[in-house]
Amino acid sequence: AKCQCKLLPKERKNCGYPGISAAECKQIGCCFNASTPSVPWCYTPKPKKVRKVCPSDPYARINCGYPGIKAKDCTKKGCCFRARPAGVPWCFYHRVTEE
């Protein structure tokens, strides 16, 4: 993602070798920016930002509990709890989404 390559020149960590092309650099999963001399042009991207969310589709829920689990026991396990609708898990795992 483009935002992962927005780093100050002084924060760049070399990710290639001297003379690497932009295409080769991107092919190995790195960022390329040749606008600043004397800093790495091929550099390591920032890590992806991820967020845990409770899935909104009740039919996409993956069970994290057992029948009759209480909300506090479910959240203690680090899971989502929603006591509706009937016929789907009420205690279920988070989904991880990229920001």
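Miscellaneous remarks
- Per-residue packing, averaged as other Cβ atoms within 10 Å, sorts the ranges 40-47, 17-24 into the order 40-47, 17-24, beginning with the highest.
- Accessible surface of the chain, 1.4 Å probe: 58 percent of it comes from carbon and sulfur atoms.
- Cα convex hull volume per residue for the chain (Å³): 131 Å³
- Selection among W41, G19, Y93 by position relative to the dipole of the chain gives Y93 as farthest towards the positive end (Cβ unit charges, Cα centre).
- Karplus 3J(HN,Hα) series, Hz, for the range 17-34 with 6.51 cos²θ - 1.76 cosθ + 1.60 (x for Gly, Pro): 9, x, x, 4, 7, 4, 5, 5, 4, 5, 5, 8, x, 10, 9, 10, 8, 9
- Magnitude of the charge dipole, the chain, Cβ model with Lys/Arg +1 and Asp/Glu -1, debye to 20: 440 debye
- In the context of the full set of protein chains, residues of the chain present 73 Å² of accessible surface per residue (probe radius 1.4 Å, heavy atoms only).
- Here the spin labels are modelled as points 7 Å beyond Cα on the Cα-Cβ line, and at E24 and S38 they lie 2.5 nm apart.
- Per-residue 3J(HN,Hα) values for the range 46-61, derived from phi via the Karplus relation 6.51 cos²θ - 1.76 cosθ + 1.60 with θ = phi - 60°, read 5, x, 5, 8, 10, 9, 8, 10, 7, x, 7, 7, x, 7, 9, 5 Hz in sequence order (x marks Gly and Pro).
- Distances between placed amide hydrogens fall under 5 Å for C15 paired with C42, Y43, T44, all partners being 5 or more residues away or on another chain.
- Counting only cysteine Cβ atoms and a cutoff under 4.7 Å, the chain contains unmatched residues C3.
The values are calculated or read from the model by the stated rules, or taken from the named source; none is laboratory data. Keep in mind it's a predicted model, so treat the numbers as computed, not measured. Note that we place each Cβ from the backbone using ideal geometry, even for glycine, and neighbour counts take in every protein chain shown. Quick note on the areas: whole protein, heavy atoms, side chains included, nothing else; ligands and nucleic acids left out. Shrake-Rupley method; radii C 1.70, N 1.55, O 1.52, S 1.80 Å.
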